[in-house]
Structure formats: structure tokens, C-alpha cells
1. Can you tell me which residue is surrounded by the most Cβ atoms within 10 Å (Cβ to Cβ) among those in region 16-29 that are β-branched (Val, Ile, Thr) and assigned to a helix (DSSP H, G or I)?
2. Does residue 32 count as among the basic types (Lys, Arg), surrounded by 11 or more Cβ atoms within 10 Å (Cβ to Cβ) and touching a residue at least 24 places away in the same chain (Cβ under 8 Å)?
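Read the figures in this text as sums done on the coordinates, not as results from a lab. Not measured: the values here are computed from a predicted model. Note that each Cβ is placed from the backbone with ideal geometry, even for glycine, and that neighbours are counted across all protein chains shown.
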Amino acid sequence: MELEVAKSFAAALAIGLGVVGPAIAIGMLAGKAMEAIGRNPESASKVQTAMILAIAFAEAIAIYALVVALSIKFV
């Protein structure tokens, strides 16, 4: 019983802390991309492509945190 509570708490902590960084990164990426497009609208397609790629890399970190949390919870 106590082990299950500890596993649940550890999994919640892992996913909770593991998504904070990517969430901040994605917000900063989108904000800076919008600023860049606002300054130079002609480069919107290049900026958007780079932004989406960077967001995918940041989101991968959150997925790794989810995998760690699930492995803590169920293994």
C-alpha cells in the first residue's frame, strides 16, 4: 500500500517537473517567432518552419518525462 502511494507520488512529480521546462520553452519559442514574423513578414515561412521543428524537439523532452513517469508508476 505504501509503495503504491510512493510510486504515484514519484510519477506525479516526474511528469509535473518534466513538463515545466518544455512548456516554458514552447511559449518562448512561439513568442519570439511571432516577434520575428512581425518584424520581417517576408520570412514568415522560414521562421515558422524553424519554430515548428524546435517545438517538436522541446515536446520530445515532455514525452520522455511521460515515459519515465509511466515506468515509475507501472513497473
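1. Among those that are β-branched (Val, Ile, Thr) and assigned to a helix (DSSP H, G or I), it is 26.
2. Here the answer is no, as residue 32 does not meet what is asked.
Residue-by-condition table, conditions (1) touching a residue at least 40 places away in the same chain (Cβ under 8 Å); (2) exposed (fewer than 12 other Cβ atoms within 10 Å of the Cβ); (3) in contact with a Phe, Trp or Tyr (Cβ under 8 Å, 6 or more places away or on another chain):
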residue	(1), (2), (3)
5	no, yes, no
13	no, no, no
38	no, yes, no
55	no, no, no
61	yes, no, no
68	yes, no, no
